[in-house]
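Here's the structure, in structure tokens; my notes come after.
Read the figures in this text as sums done on the coordinates, not as results from a lab. The shown structure was predicted, so the numbers you read here are calculated from the model rather than taken from an experiment. Ideal geometry is used to build each Cβ from the backbone, glycine not excepted, and the neighbour counts take in all protein chains shown.
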Amino acid sequence: MKIRTTEERDLPAVMEILHQAQAYFKAQGIDQWQDGYPDEATIRQDIQNGTAYLVELDGIVAACATIAFTPDENYTTMVSGQWLTDRPYAVIHRIAVDDKLKGRGIAGWILEQAEHLCRQRGVESLKIDTHQDNTSMRRLLEKQNYHYCGVIQLHRDLSLRVAYEKRLDKK
């Protein structure tokens, strides 16, 4: 497996994976990504910002994620709970794995690669949020030693998300 930044030419493969994730959430009754988000414009913006990443496995696009090293406006205040730290952090959004490749540990590997990128930049905290009903992501985060911190409200649609943080300065 290899992680790299997403390029414009990767957009069709990334959108296919995101559409699979949207269909999965719908089938599972999870009200996440059911309003057309994330759309192509969102991913194009991530590409332009240099925050869109993908995983290649045997030459094919296997998964995608956004890893950003700038503050997320949605994380400024919490509806309930408290972040572990108030220091600079990275944020992970939009993790999705190709349906044909699920169960191979790719999402966990993405989280590990994000930690590696953080350590390279001296960033000691990673934050992520997900829908409360997305139990597979919540289990993964807990398995990877992310700590549940509370609830945030997304600015774009006012929906609530459960928020997690992992301190990278703790062994």
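Could you look through the stretch 53-75, keep only residues that are within 17 Å of His116 (Cβ to Cβ) and among the aliphatic types (A, V, I, L, M), and pick out the one that is farthest from the chain's Cα centre (by Cα)?
It comes out as Val55.
Residues in the stretch 132-160 that are touching a residue at least 40 places away in the same chain (Cβ under 8 Å) and surrounded by 18 or more Cβ atoms within 10 Å (Cβ to Cβ): how many?
Final tally of qualifying residues: 4.
When the residues of the stretch 50-76 are narrowed to those that are among the polar types (S, T, N, Q) and touching a residue at least 24 places away in the same chain (Cβ under 8 Å), which ends up farthest from Gln120 (Cα to Cα)?
Asn74
Take the residues in the stretch 91-103 that are in contact (Cβ under 8 Å) with a residue 24 or more places away in the chain and over 26 Å from Leu154 (Cα atoms), then tell me which one is surrounded by the most Cβ atoms within 10 Å (Cβ to Cβ).
Selected residue: Leu101.
Say we look at the stretch 23-59 and pick out the residues that are surrounded by 12 or more Cβ atoms within 10 Å (Cβ to Cβ) and aliphatic (A, V, I, L, M); which of these is nearest to Leu158 (Cα to Cα)?
Ile30
Please tell me if Thr5 is closer than 23 Å to Lys127 by Cβ and touching a Lys or Arg at 6+ places or on another chain (Cβ under 7 Å).
Considered against the rule, which asks whether it is closer than 23 Å to Lys127 by Cβ and touching a Lys or Arg at 6+ places or on another chain (Cβ under 7 Å), Thr5 comes out as no.
Condition test on Asp46, is it closer than 19 Å to Asp72 by Cα, of a type in the set (D, E, K, R) and within 14 Å of the chain's Cα centre (by Cα)?
Considered against the rule, which asks whether it is closer than 19 Å to Asp72 by Cα, of a type in the set (D, E, K, R) and within 14 Å of the chain's Cα centre (by Cα), Asp46 comes out as yes.
If I ask for residues that are of a type in the set (A, V, I, L, M, F, W, C) and crowded, with 18+ Cβ neighbours inside 10 Å, which ones from the stretch 107-131 would you list?
Ala107, Ile110, Leu111, Ala114, Cys118, Val123, Leu126, Ile128
Provide a single number: the residues in the stretch 1-11 that are free of Cβ contacts under 8 Å to residues at least 60 places away in the same chain and either touching a His at 6+ places or on another chain (Cβ under 8 Å) or over 15 Å from Thr42 (Cβ atoms) (or both).
5
Would you say Gln32 is more than 25 Å from His116 (Cα to Cα) and touching a His at 6+ places or on another chain (Cβ under 6 Å)?
Yes; evaluated as a whole, the condition is true for this residue.
Would you confirm whether any residue within the stretch 153-163 is farther than 22 Å from Ala63 by Cα, in a strand (DSSP E or B) and either in contact with a Pro (Cβ under 6 Å, 6 or more places away or on another chain) or of a type in the set (Ser, Thr, Tyr) (or both)?
no
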